[in-house]
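Novice: Before I ask anything, let me first share the structure, which is written out below as C-alpha cells.
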Amino acid sequence: MFLTYNGNLLYHGCIPLNSDGSFMELELHGKNYSGKELFIQFEQIAREGYFRNSGTKEKEYALDVTWYLWTGPVSSLFGKSEMTTFERYFVAEKETHLEQKKPLL
C-alpha cells in the first residue's frame with residue numbers, strides 16, 4: 001500500500017481524511033486504525049486474503065476487507081463518496097453520476 005523510496009513517501013490511491021484534515025479511522029479485528037497503521041493493516045490483510053488457506057475464517061475476513069478496499073469510505077484505494085459506474089452506464093441524468101472525492105492531504 002505504501003513505501004518510502006529515496007526519502008519520499010509513495011502510496012497507492014489516497015490517504016483517508018476527515019473534512020478537518022484528521023485521519024479517518026476504521027475498525028479492523030476489533031481495533032481502530034488510522035494513518036500509517038491503517039495502511040499497514042490493509043497491506044497485511046490483503047496478503048492474508050491471497051496467501052491463507054481457503055475455507056478459514058481468517059481468509060474469509062481478509063477477502064471481505066479486500067472487497068471493502070474496492071469501494072469502502074475509509075479505503076485508501078477508493079477515495080470517493082460512492083461508485084456510480086452503474087449510473088454512468090444506464091442512467092441518462094448526470095446528477096446521478098456524482099462521485100464526491102474525499103478531502104486531500
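FYI, it's all coordinate maths here, none of it is from the lab. As the structure is a prediction and not an experimental result, all values here were calculated from the model. Cβ atoms come from the backbone with ideal geometry, glycine included; neighbour counts cover every protein chain shown.
Novice: Tell me, which strands (runs of 3 or more DSSP E) wholly within the range 1-87 include 1 or more residues that are hydrophobic (A, V, I, L, M, F, W, C) and surrounded by 18 or more Cβ atoms within 10 Å (Cβ to Cβ)?
Specialist: Details: elements: 2-5, 8-11, 26-28, 31-33.
Answer list for the range 1-87: 26-28.
Novice: Sticking with this one: So which residues in the range 88-105 are charged (D, E, K, R), farther than 29 Å from G21 by Cβ and not in a loop (DSSP other than H, G, I, E, B)? Before you say what the answer is, go through the steps one by one.
Specialist: Taking the range 88-105 first, the residues charged (D, E, K, R) are 88, 93-95, 99, 101-102.
Among the residues that remain, those that are also farther than 29 Å from G21 by Cβ are: 88, 93-94.
Result: R88, K94.
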